[in-house]
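What follows draws every value from the coordinates through simple rules; no lab data is involved. Note that the structure is a prediction, hence the values are computed from the model and not measured. Glycine also receives a Cβ, built like all others from the backbone with ideal geometry; neighbour counts cover every protein chain displayed.
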C-alpha cells in the first residue's frame, strides 16, 4: 500500500504543468553580473560578468540586445544576447540606476541619480541627445506605450516629472508620497502607477489631468508599517491585476487594478525589488535583494512555487521569449 | 476469513468504536494541535518567512513549518493514549480476555498497534483538513502521499506506547510518562524548530534532536507532505518501530518478560 501511493504522488508531481519557455535575466547588484535562468526548468543556466553595480536592465524591441545600467561604472552597457558578449558602452551620465526605452526602439531615457537630470541617449548614434533637469535623486523611469510621455520620479523631491518626448521638455510635475521609486503606465496609457517607498503607498495618476485618482495603502499583520516599502510594480495587459513588491516586508501585494483593492499578500524572499511577468502572464518573477534569490509566483493560483538562488543582491529582471 | 484476520478486524473495530464513542477524546486530540497551530504559532509567527530548507522550495510562514510537527504530536499522543488504554485494560481485566486468545501474542499486539495507527490517522486527516480551512495548506497530493508516512510513524509511536505500557505498573504512573517521555520527545525534535536553529544554540541539543526517533517521524511526514521521500528518516523510523515492537513483545511475554517481574513485585 505504501509504494503505489507514493509512486502515484510522485507521478502526479512530475505531471504538473510545465512553465512557459523563455529566458530570464537577473542583474546582481553586488556581484557585478547577470544570472541567466531557464524559465522551463527554473534553473540558473549561466552567469555573465558585467559592469559595476548593475541595476536596471531592459531589452531592445526585438529582444536581441539587453541594456544594462552599470551604476558604478557610470555607463549603460549593451549586451548581445546571442553571444553573451558586451558589444559596447553607451554614454549615460553619472550613476544611471533606472531607464526606459522609447517605443521607437532608439531613445533611452536614463535617470542619473547623483546629478538630478534625465539623460536621453540615442542607442544607434551612441550620442547623448539631451539632458533634462528634474528633481533631486531621480530614480524611476517610464515611457508611455504610445511614446508620448516619459516620466521620471525623484526620490527626494517626491515628484513625478512629465517629459514630452516630442519637445523633450518638462511639461508637468505631480507631487506624490515620500520617496517615489518606480513608475509604470497601464496598457492603454490612461493611468500611471507610482510607488512611494517611504510613504508606503502606490499613487495611481490620471495621465490626462496628471492628478492622483487613488492612493493604495498596504497593511500586513505582524509586520511593522515601516517595513512596508513599495518599489517594483507589474501590471497585467488586461488591466485587471497589479503586483507591488513591498521591499523589506518580504511580500508582494496583489492588487485589483480596477477597484484598487489589495487582494492578497504573497511571501517571497528578503527585500524584494523588481519583478517581471512572462509574456503569457502566467508566471511572475521577483528579485529578492538581501536573500539573493528569485521567487517564482504562479499568477493564477497566486502562490509562490519556488525560490531560485542567484548572485548577491539581485535587483532588475528582463525576460526574452 | 482466517482467525488472525478476524482478530485484526475485531481489534481495529473495537479501537475505532472506542475512539468514536469518546467524543471528548476526539475533540481533545484535535484541540491540542490546533491550539499550538493557531495560538503558539501566531505568537511565534515569522511573518517575514522561515529560511528555505528541504523539502520547502520557497519561504514559508511558521505555521506551515510546524504543521508536520503537530501531525507527529497527534500520533505521539495517540500512541501514549493506546498505551494508557492497555494499562487500563489490564487493570480492568479485559486484556486477559484478549491475551487468552489462541493466536500468538505478537500478532495480537500487532493488531492492537495497527488499530491505534488507524485511529491516529483519522485524527491526523481531521486536523489537516481543519488547518486547510485556516489557509495553512500543503500540496493537494501531499495529503495522499503522506498516508504511507503516517502508517510508518504511527506504528513507530504506537510501538513505543506498547513498550511503555508493558513496563508501567499502574494507571497512576502515567503522569511520569508525560514528563519523561512525551515532553522530551516532542521538544527535543524538529517539530517546533528546524534542527539548524538548534545547532546554533547548542550542539549537544542538536545531537540529541538528531537521534530522537520522533524527529525522524516528523521529517518523514514533512517530506511526504511535499511529495518527497526522506530515506534516512524512513530508515530511522522503521528501525525504531521494529526495536520498540520487539521489546514490547518481550515485555508482554509471560515467561520471561517484564510482566513477570511485575507479578513478582
For chain B the mean separation of alpha carbon contacts under 8 Å (6+ apart) over residue count, i.e. relative contact order in percent, is 24
Ignore the peptide's own chain and count Cβ atoms of other chains within 10 Å of each Cβ in B:55-61; give me the average, rounded. 6
Pairs of Cα atoms under 8 Å, at least six residues apart: use those to get the relative contact order of segment B:61-218, whole percent. 37
Helix B:23-35 versus the longest principal axis of chain B: what angle, 0 to 90°, nearest 10, using Cα atoms? 30
Distance in Å, no decimals, from the C-alpha centre of segment A:251-273 to the one of segment A:174-190 is 16
Partner shielding of A:295-306, as the mean number of partner chain Cβ atoms within 10 Å, equals 2
In percent, how large is the relative contact order of chain A, given Cα pairs closer than 8 Å and 6 or more residues apart? 12
Report D for the protein assembly as shown in µm² per second (integer): Stokes-Einstein, Kirkwood Rh on Cα pairs, 10 °C, 1.306 mPa s. 59
Taking Cα atoms, the helix B:231-252 axis meets the longest principal axis of chain B at an angle in degrees (rounded to 10) of 20
Order by neighbour count: A:85, A:282, fewest other Cβ atoms within 10 Å first, most last. A:85, A:282
Using a/c under 1.5 as the rounded threshold, could you call chain A rounded, prolate or oblate? The axes a ≥ b ≥ c are square roots of the C-alpha gyration tensor eigenvalues, and prolate needs a/b larger than b/c, oblate otherwise. oblate
Dimensionless Rg ratio for chain B, taking C-alpha atoms and the 2.2 N^0.38 Å reference: 1.02
Across the residues of B:145-155, average count of Cβ atoms on other protein chains within 10 Å? 3
Could the peptides B:176-182, B:220-226 be put in order, highest first, of the mean number of other beta-carbon atoms found within 10 Å of their residues? B:220-226, B:176-182
Provide the gained length on full extension for the span residue A:209 to residue A:305, in nm with one decimal, where the gain is 0.36 nm per separating residue minus the Cα-Cα distance. 30.5 nm
Euclidean distance of C-alpha centroids, segment A:65-84 and segment B:191-207, integer Å: 45
If you count, for each residue, the other Cβ atoms within 10 Å and average over each peptide, how do B:144-150, A:113-119, B:210-216 line up from highest to lowest? B:144-150, B:210-216, A:113-119
Angle between the Cα long axis of helix A:2-14 and the longest principal axis of chain A, 0 to 90 degrees, nearest 10? 20
